[in-house]
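Note sheet for the following structure.
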Amino acid sequence: MTEIYDVPYMERTRDYYRAQGYTTDYVWAHNSETPFTPLLKPMHASRAGVVTTAMPDTEIGRAHRKVYSTLVAPIPGSMYTKELSWHQAVTHTDDVNSFIPLEQLLVLVDEGGIGSLAPRFHSVPTEYSQRNTMENDAPEILERLREDEVDVAILVPL
Amino acid sequence: MPTLIMGSARDIVEHCGVPRFLYTDFPLGNPCGKPYDHAMQLSIISQAIALFRTATSANTMEQTPYLWSADNSWRDDYARVDDSNREELAKRGEARRKRQAEEKATGIERAAMIAEA
């Protein structure tokens, strides 16, 4: 029986790419100094925003990998996750709330645990190019979160 | 802006270094809780919100109390390379590079990451 251990995803990914004949290993993002912003307001008065790596399950979302914003209401019945690296052999992404916490955040709004949920959430494409993420996508996401007057951002990579 | 990551790839997030990280030890795909398990999903997001309150410095990590299943074989299964799939993976890489070259020729610059089968 397999023991419980944290899966070494970086090592597995390196071996998996090498087995496919790629000679240059992927370079994972690394902050030499990790930034930290303290809470500016209590959570019960804060507006939460959500960012996902899943794309909208629309014709354009399936075809073009870029930053998108999607309305929270109604909660989308599906998101496009096929091109992301997740464990397709053992689970599925048919329940959007299992990777984008919208329904449960709305419960917390009702219960007073957080002030409100932003009216839309944002999709950021996963990228080989850290530069593209850092210089283009991340600033675009931040701008949209600010437009939404978000106080805290919950980031959920698949 | 204060941020928090909910995720299941512990080594990757820790290598990156993030302000706040709520780790759920699940197969990649459901970092907010098992599909359709509303009670678990609510418990996990509640822990995330609590972590916003309690974290006071960067690289603060907490783990949720859930296990995916009694059977842990999924841990060995992810992106496994062995004699049973080595040849197929080599072929897949070749096909992928060919497709990428074609896409590049047609101007598609932002290729998808390798999706896990």
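The values are calculated or read from the model by the stated rules, or taken from the named source; none is laboratory data. Quantities reported herein were computed from a predicted structural model and do not represent experimental measurements. Cβ: placed from backbone, ideal geometry, glycine included. Neighbour counts: every protein chain shown.
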For this session: Give B:Gly29, B:Gly7, B:Gly93 a once-over and let me know the one that is within 8 Å of chain A (Cβ to nearest Cβ), touching a Gly at 6+ places or on another chain (Cβ under 7 Å) and farther than 22 Å from A:Ser116 by Cα.
Result: B:Gly93
Seminar exercise, completed: Within segment A:1-18, restricting to residues that are more than 7 Å from chain B (Cβ to nearest Cβ) and within 23 Å of B:Tyr23 (Cα to Cα), the one that is surrounded by the fewest Cβ atoms within 10 Å (Cβ to Cβ) is A:Glu11
For this session: Would you mind finding the one in A:Gly61, A:Gly112, A:Gly77 that is of a type outside the set (Lys, Arg) and over 24 Å from B:Gly29 (Cβ atoms)?
Result: A:Gly112
Problem set entry | When residues of segment B:58-86 are limited to those that are under 20 Å from B:Glu14 (Cβ atoms) and outside any loop (DSSP other than H, G, I, E, B), the one farthest from the other protein chains (Cβ to nearest Cβ) | B:Glu62
Exercise. Across segment A:15-31, what is the number of residues that are more than 22 Å from the chain's Cα centre (by Cα) and on the phi < 0 side of the Ramachandran plot?
Worked result: 10
For this session: Could you check, for segment B:41-59, whether at least one of its residues is of a type in the set (A, V, I, L, M) and surrounded by fewer than 14 Cβ atoms within 10 Å (Cβ to Cβ)?
Result: no
Exercise. Does B:Ala55 meet the test of being more than 7 Å from every other protein chain (Cβ to nearest Cβ) and either within 25 Å of A:Asn31 (Cα to Cα) or touching a strand residue (DSSP E or B) at 6+ places or on another chain (Cβ under 9 Å) (or both)?
Worked result: yes
For this session: Taking only segment A:118-132 into account, find how many residues are within 11 Å of another protein chain (Cβ to nearest Cβ) and in contact with a helix residue (DSSP H, G or I) (Cβ under 6 Å, 6 or more places away or on another chain).
Result: 1
For this session: Check whether at least one residue in segment A:85-107 is more than 28 Å from B:Asp25 (Cβ to Cβ) and at pLDDT below 95, and report yes or no.
Result: no
Seminar exercise, completed: Within segment B:10-26, restricting to residues that are within 7 Å of another protein chain (Cβ to nearest Cβ) and not in a loop (DSSP other than H, G, I, E, B), the one that is surrounded by the fewest Cβ atoms within 10 Å (Cβ to Cβ) is B:His15
For this session: Can you give me the number of residues within segment B:49-79 that are touching a residue at least 24 places away in the same chain (Cβ under 8 Å) and among the hydroxyl-bearing types (Ser, Thr, Tyr)?
Result: 4
For this session: Being more than 11 Å from chain B (Cβ to nearest Cβ) and within 16 Å of A:Ile154 (Cα to Cα) is the filter here, so list the residues in segment A:19-44 that pass it.
Result: none
